[in-house]
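Heads up: the structure comes next, in structure tokens.
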């Protein structure tokens, strides 16, 4: 990405946040702001929720809803001030999984970002999209494994290229489902479920990641089909290795569109990003 594009992205993210609104913290630990799990057991409290609305000193209207699921927390905050609007989400479970996301819009453009990982095994995957006032759109992805962070080049999706964020899903945001492999990105099955065929495994930084066969109707299957990739069991050398949401991984044979190597997923645009 050239210097002008970097500057454009920086400008978008600098001017869009609503005055008085607090962005979720990134990084590779649990998000701050009410997600401290140290004193919460798996069933410390029954499910409960609370909401709060307020108007800030700069005229920002804000509404926050927090849910205690009995196994963790999730939170959604919406804020608006004139033509500026922002929604942030975040959550964490006692098993170490966490996520955060935000969307915003204003006179200078719009942006969206989503990320999640596991605080215990130090993994994280995030992606973002920003569009400036001139209609130029930029994408970025980050993947981290045990503290090693990758920022790579996007491999253009030949089917969904040019679609807006979540265009592959009819414009509706896709959110991972708890306890499903890859958050359900590769199919609606849980880890270890008998309905999911085991497709080998990948060992990275002394951690073993079991791979499962993608279900035909899943977002992951759409991803593979658009790149004309054929899934194969992991383990052999010179494969396309794709790390998906929630610490998931699948492997495929390389082709003329995607070379062998490691990739992460930008679920907003249904693209893969090389890990470099």
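Looking at segment 215-227, which of its residues are surrounded by fewer than 14 Cβ atoms within 10 Å (Cβ to Cβ) and without any contact (Cβ under 8 Å) to a residue 60 or more places away in the chain? Across segment 215-227, the qualifying residues are 216, 217. Being modelled with pLDDT of 85 or more and out of contact with any strand residue (DSSP E or B) (no Cβ under 8 Å at 6 or more places or on another chain) is the requirement here; does residue 168 meet it? Yes: the conditions hold for residue 168. Residues in segment 228-267 that are touching a strand residue (DSSP E or B) at 6+ places or on another chain (Cβ under 7 Å), farther than 24 Å from residue 97 by Cβ and in contact (Cβ under 8 Å) with a residue 60 or more places away in the chain: 258 only. Assessment of segment 165-173 against the conditions (buried (at least 19 other Cβ atoms within 10 Å of the Cβ) and in a strand (DSSP E or B)) yields no matching residue.
Table: residues versus (1) under 29 Å from residue 273 (Cβ atoms); (2) buried (at least 18 other Cβ atoms within 10 Å of the Cβ); (3) at pLDDT 90 or above.
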| position | (1), (2), (3) |
| --- | --- |
| 2 | yes, no, no |
| 14 | yes, no, no |
| 23 | yes, no, no |
| 38 | no, no, no |
| 41 | no, no, no |
| 52 | no, no, no |
| 71 | no, yes, no |
| 101 | yes, yes, no |
| 106 | yes, yes, no |
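Under the condition of being over 16 Å from the mean Cα position of the chain (by Cα) and assigned to a strand (DSSP E or B), which residue from segment 255-273 is surrounded by the most Cβ atoms within 10 Å (Cβ to Cβ)? Looking at residues that are over 16 Å from the mean Cα position of the chain (by Cα) and assigned to a strand (DSSP E or B), I get 262. Quick one: would you say residue 197 is touching a helix residue (DSSP H, G or I) at 6+ places or on another chain (Cβ under 8 Å), surrounded by fewer than 19 Cβ atoms within 10 Å (Cβ to Cβ) and farther than 22 Å from residue 127 by Cβ? In short, no.
Residue count for segment 73-88 satisfying the condition of being without any contact (Cβ under 8 Å) to a residue 24 or more places away in the chain and surrounded by 20 or more Cβ atoms within 10 Å (Cβ to Cβ): 1. Among the candidates 61, 95, the residue that is surrounded by fewer than 17 Cβ atoms within 10 Å (Cβ to Cβ) and modelled with pLDDT of 90 or more is uniquely 61. Evaluation of residue 121 against the conditions (1) outside any strand (DSSP E or B); (2) at pLDDT 85 or above shows that the sole unmet condition is (2).
The values are calculated or read from the model by the stated rules, or taken from the named source; none is laboratory data. Keep in mind that what you see is a predicted model, and the values were worked out from it rather than measured. Reconstructed Cβ throughout: ideal geometry from the backbone, glycine too, with neighbour counts over all protein chains shown.
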